[in-house]
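Structure first, commentary second.
Every read-out reported here was derived from the displayed coordinates using simple, explicitly stated rules and does not represent laboratory data. Owing to the predicted nature of the structure, the values given are computational and were not obtained by experimental measurement. Here the Cβ is made from the backbone with ideal geometry for all residues, glycine too, and neighbour counts use every protein chain on show.
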């Protein structure tokens, strides 16, 4: 008789233990967000919004012509490198190729506008060649075989531009621009 009670008690104990483990694991996995929400105290007053700290900087110093030229030269160099990288990809995006080409040409024209007239006239053939390449990129659907030839022409032209239009080479031949806001 005692043995039967002991077995019965062990069976009930085992089933209670089993169901408590199942319940606790379900609660752990699913969570009791509603239960947690019920016992979390709500604030009586909302938190104050943080006040931004405003620190004004003085930009009254006019940008020098050399600084302006350097800025546009770096931008041209960036767009030109992006164009060459895009042409080097096997499956390039035509939209990206056109954007890179247009931006590089625009920055090159800005650089020409910052130069004195005699040097700007010397740079004119380079810009015309770049404009013809830009037209070729914009007007035609480029095949990967065409991209290789255009990339080669762009690399040659890039070396010429870096040789002629480097800011170290032209720093004495820049226009003096009095308006500090024009870029």
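Across the stretch 65-170, Cα-Cα pairs more than 18 Å apart make up 44 percent of the total. Residues 44, 37, 175 in ascending order of nearby Cβ atoms (within 10 Å, fewest first): 44, 37, 175.
Legend: calculated FRET efficiency, residue 6 to residue 40, from the Cβ-Cβ distance at R0 = 41 Å, rounded to 0.05, equals 0.35.
When the chain is treated as a Gaussian network with alpha carbon springs shorter than 10 Å, the biggest mean-square fluctuation among 152, 57, 116 belongs to 57. Listed by Cβ neighbour count within 10 Å, with the fewest neighbours leading, 72, 162 appear as 162, 72. How much mean residue ellipticity at 222 nm does the chain get from its helices, if each DSSP H run of length 4 or more adds -39500 (n - 2.57) and you divide by all residues, to the nearest 500 deg cm²/dmol? Computed mean residue ellipticity for the chain: -24000 deg cm²/dmol. With springs only between Cα atoms under 10 Å, which of 150, 12, 54 fluctuates most in a Gaussian network model of the chain? Result for the chain, Cα springs under 10 Å: 12 fluctuates most. Normalised by the number of residues in the chain, the average gap of Cα pairs under 8 Å and 6 or more apart makes the relative contact order 25 percent. Please give the helix 117-139 orientation as an angle from the longest Cα principal axis of the chain, in degrees from 0 to 90, rounded to the nearest 10. Tilt relative to the chain: about 50 degrees.
Taking R0 as 41 Å, what FRET efficiency do you get between residue 172 and residue 152 from their Cβ-Cβ distance, rounded to the nearest 0.05?
0.80
Please arrange 69, 78 by how many other C-beta atoms lie within 10 Å of their C-beta, fewest to most. Intermediate results must be reported in sequence, preceding the final value.
Working: 69 21, 78 14.
Fewest-to-most ranking of 69, 78: 78, 69.
Once the Cα atoms of helix 144-165 and of the chain are each reduced to a long axis, what angle between those two axes, in degrees from 0 to 90 to the nearest 10, is obtained? So the inclination is approximately 60 degrees. Springs join every pair of Cα atoms under 10 Å in this Gaussian network model of the chain, and among 86, 23, 51 the largest mean-square fluctuation is at 23. Tilt of helix 2-30 relative to the longest C-alpha principal axis of the chain, in degrees (0 to 90, nearest 10)? Once rounded, the angle reads 20 degrees.
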